[in-house]
Amino acid sequence: MKSFIKKLPLLVLISALLLQLTGCGKNDTANESKAQGQMWQIGVCHSNNDEYEDAIMEGFSKALSDELSEDSITYTREYITEEKSGISIAGSFIRSGSDLILTIGEDALRDTAAATEDIPIITTDVIDILDTIGMESTDQSLNTGRNITGITGMPVIPDQLALILEVTPDIDTLAIIYSRDDRHSIAQSRIMQSYLQEAGVDHIQYQLGDVSKKKLKSICKKCDAIYIPADSLLYKDSKKISKIAAAYGIPTVGGDVRIGKNTLAALCPDYYEIGYKAGQQAAQILGHGKDPARMPVEVNTSAGIKLYNKTLAEKMGLTFPKSFQQYGHIKWNTSSSDR
């Protein structure tokens, strides 16, 4: 007994030391990194300069602040313009010794992926990440096998359909329109078809070579609502489409927030939440040595933000409940990511 009592303080001391060494969570990782003076440089390549990409960046930096500590990260943000390509931006990140690159949007990912196969890349706001980097897959959750992972920008199609049904509760037929060679729209329309069948809603698909008033008038006569998939090549024509459809009392629904600017309604993904999840992925790479090649591309599961276009709603004599936000006045759900 005496022998055990004499050894007890030593055992307690060893246990305490082990707890300090192993840590018990992300704060310990942050403290250890801070104690060692670990600093990380992150380059951020933006495809667009808008509030949605800003929201992704805000969520991303918040996650890294929570996971690794704010003082251990420095950011360099660059925007693709006519004067500055994504390739040149990626090159500057490589030369400056960036530890990780965040890309937002398809152009940023494509150019950065072509520039480096060594620096870890986290990507967001891209409909099909694997396709964009030249890989074939039918499973969006697969890992890329190279220095890239991220959060896919593919919309949650059941949520898109739920919005369409809420906007047009008496719908019998939905028109899905897209442009020729628009692979993203075609992929989304195939998924939408299966859910429409389950919901008992007929659909008509239209491949538009040109967007004429005559053609749109014909479409409006055959449907109760028009859906333009996310990242559609009809983006530039969406305002014209919605204006003509509104004149015939046909609601238009955009598959993403940028098209939704010109449609009656749209479901906006919570870009802040997407950015936060991407930041958690980055923390796993920087703070825990995870290999992006083995990290699966995650599907966007963030709760959507329902939007409506006030001008079109007034033109059509429609009102929207408080569950919808007016386009141009989006409030991001930052509380859902606070840890």
Filter the stretch 81-107 for residues that are over 13 Å from Ala278 (Cβ atoms) and hydrophobic (A, V, I, L, M, F, W, C); which is surrounded by the fewest Cβ atoms within 10 Å (Cβ to Cβ)? Ile87
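With respect to Lys306, is the statement that it is over 16 Å from Ile56 (Cβ atoms), of a type in the set (Lys, Arg) and surrounded by fewer than 17 Cβ atoms within 10 Å (Cβ to Cβ) true? Break it down stepwise before answering.
Details: over 16 Å from Ile56 (Cβ atoms): yes; of a type in the set (Lys, Arg): yes; surrounded by fewer than 17 Cβ atoms within 10 Å (Cβ to Cβ): no.
So Lys306 fails the test.
Yes/no per residue for (1) within 24 Å of Asp172 (Cβ to Cβ); (2) in the same structural domain as Tyr178 (by TED's automatic domain parsing); (3) surrounded by 21 or more Cβ atoms within 10 Å (Cβ to Cβ):
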| residue | (1), (2), (3) |
| --- | --- |
| Leu216 | yes, yes, yes |
| Ile219 | yes, yes, no |
| Asp231 | no, yes, yes |
| Lys243 | yes, yes, no |
Unique residue being surrounded by fewer than 19 Cβ atoms within 10 Å (Cβ to Cβ), of a type in the set (Phe, Trp, Tyr) and touching a residue at least 24 places away in the same chain (Cβ under 8 Å) when the list is Tyr227, Tyr206: Tyr206
Scan of the stretch 82-108 for residues that are without any contact (Cβ under 8 Å) to a residue 40 or more places away in the chain and either under 20 Å from Ala55 (Cα atoms) or not in a helix (DSSP H, G or I) (or both), ordered by number: Glu82, Glu83, Lys84, Ser85
Filter the stretch 18-74 for residues that are on the phi > 0 side of the Ramachandran plot and surrounded by 13 or more Cβ atoms within 10 Å (Cβ to Cβ); the one that is modelled with the highest pLDDT is Ser69
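Please indicate, with yes or no, whether at least one residue in the stretch 93-101 is at pLDDT 95 or above and within 25 Å of Arg183 (Cβ to Cβ).
Just the residues of the stretch 93-101 that are at pLDDT 95 or above, to begin with: 93-101.
Pick out the ones that are also within 25 Å of Arg183 (Cβ to Cβ) and you get none.
No.
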Of the residues in the stretch 148-187, those that are closer than 30 Å to Thr116 by Cβ and either among the hydrophobic types (A, V, I, L, M, F, W, C) or modelled with pLDDT under 95 (or both) number 11
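For the condition charged (D, E, K, R), in the same structural domain as Met57 (by TED's automatic domain parsing) and farther than 19 Å from Gln160 by Cα, what is the one hit in Lys236, Lys277, Lys315?
Working: Lys236 fails: in the same structural domain as Met57 (by TED's automatic domain parsing); Lys315 fails: in the same structural domain as Met57 (by TED's automatic domain parsing).
Every option except Lys277 fails the conditions.
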Got a number for residues in the stretch 160-209 being assigned to a strand (DSSP E or B), among the polar types (S, T, N, Q) and in contact with a Phe, Trp or Tyr (Cβ under 8 Å, 6 or more places away or on another chain)? 2
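The values are calculated or read from the model by the stated rules, or taken from the named source; none is laboratory data. Keep in mind that what you see is a predicted model, and the values were worked out from it rather than measured. Positions of Cβ are generated from backbone atoms using ideal geometry, with glycine treated the same way; all protein chains shown enter the neighbour counts.
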